[in-house]
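Below: the structure, in structure tokens.
The values are calculated or read from the model by the stated rules, or taken from the named source; none is laboratory data. Keep in mind the model is a prediction, meaning the values are calculated, not measured. Positions of Cβ are backbone-derived with ideal geometry, glycine not excepted, and every protein chain shown enters the neighbour counts.
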Ligand SMILES: NC(=O)c1ccc[n+]([C@@H]2O[C@H](COP(=O)([O-])OP(=O)(O)OC[C@H]3O[C@@H](n4cnc5c(N)ncnc54)[C@H](OP(=O)(O)O)[C@@H]3O)[C@@H](O)[C@H]2O)c1
């Protein structure tokens, strides 16, 4: 008989926004230890302490800048010192650089691609030995990329951002195939509009006409939040998600249907 608690339990194992929602979800689902990373150390350590305080597991903050290859190498080295294996890697950090083609600078393009596309690939490569260590066909390790609904539409004003996210979505099946013999599942979550620092400008005045109109464009008539993000991340990393690989899961309340 299938037991629901087995389908969704995760035993073993971002300072704000979607990363913190997923970290909270993993801890609530029974993960022993969850590492989060960010550049601002105070916010990071406060979130790590808050999440540790609300669960039986432990949340550990490792400060660093994932936009640089040195930052990727430093995070990998710290994790190698602390753990002999990892079960789940979520490549979440991303930057929503705006800008139209005419105003595009090399700096903006590189900044976006470095954090949104290059780091997820090379962090996964740097942690591959830890991800492989305990992975089996019955209990595979997981790599998750955080894409965006922006990958599915032509967003002229965030050209670099949407292109980077489309790239991530193409990388997903490529890496899924490359890592299948290592028993590692690779999937992307493509969020629509979620409450976070990145979107604060859009939702912080909930009575504004522009916010109300933006809700009307979303078939679910609301922004996504903690449970929406935590739920899908926990599902992908639990027994319930162990037959998904190379997949992009749109978690957008139907947003992409109304472009
Ligand atoms: N919110 C949405 O509606 C939405 C929709 C679609 C996709 N997404 C994607 O979801 C992911 C998370 O976004 P969010 O909305 O949760 O944004 P957020 O609230 O701004 O959080 C971003 C997190 O990443 C960290 N971070 C940013 N740059 C970093 C860097 N260079 N190195 C290490 N950490 C860094 C931030 O901390 P520090 O600033 O201290 O480094 C923060 O903890 C992104 O990939 C974004 O593209 C979000």
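Numbers for the structure displayed
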item: Subset of the stretch 207-226 (residues that are away from the ligand (no atom under 15 Å from the Cβ), out of contact with any helix residue (DSSP H, G or I) (no Cβ under 8 Å at 6 or more places or on another chain) and not in a helix (DSSP H, G or I)); result: 207, 208
item: Residues satisfying the stated conditions in the stretch 25-45, i.e. over 14 Å from residue 197 (Cβ atoms) and part of a helix (DSSP H, G or I); result: 25, 26, 27, 28, 41, 42, 45
item: Scan of the stretch 148-189 for residues that are surrounded by 17 or more Cβ atoms within 10 Å (Cβ to Cβ) and not in a helix (DSSP H, G or I), ordered by number; result: 148, 155, 158, 184, 185, 186, 187, 188, 189
item: Selection count where residues are more than 14 Å from residue 34 (Cα to Cα) and more than 10 Å from the ligand (Cβ to nearest atom), scope the stretch 63-83; result: 8
item: Any hit, the stretch 126-147, residues being over 21 Å from the mean Cα position of the chain (by Cα), more than 10 Å from the ligand (Cβ to nearest atom) and either buried (at least 21 other Cβ atoms within 10 Å of the Cβ) or under 22 Å from residue 40 (Cβ atoms) (or both); result: no
item: Filter result for residue 153 (farther than 29 Å from residue 238 by Cα and modelled with pLDDT under 95); result: yes
item: Residue count, the stretch 41-54 (criterion: under 26 Å from residue 223 (Cα atoms) and within 15 Å of the ligand (Cβ to nearest atom)); result: 7
item: Unmet criterion (only one of (1) modelled with pLDDT of 95 or more; (2) surrounded by fewer than 20 Cβ atoms within 10 Å (Cβ to Cβ); (3) in contact with a strand residue (DSSP E or B) (Cβ under 8 Å, 6 or more places away or on another chain)) for residue 92; result: (2)
item: The stretch 40-59, residues that are in contact with a helix residue (DSSP H, G or I) (Cβ under 7 Å, 6 or more places away or on another chain) and surrounded by fewer than 17 Cβ atoms within 10 Å (Cβ to Cβ); result: 58
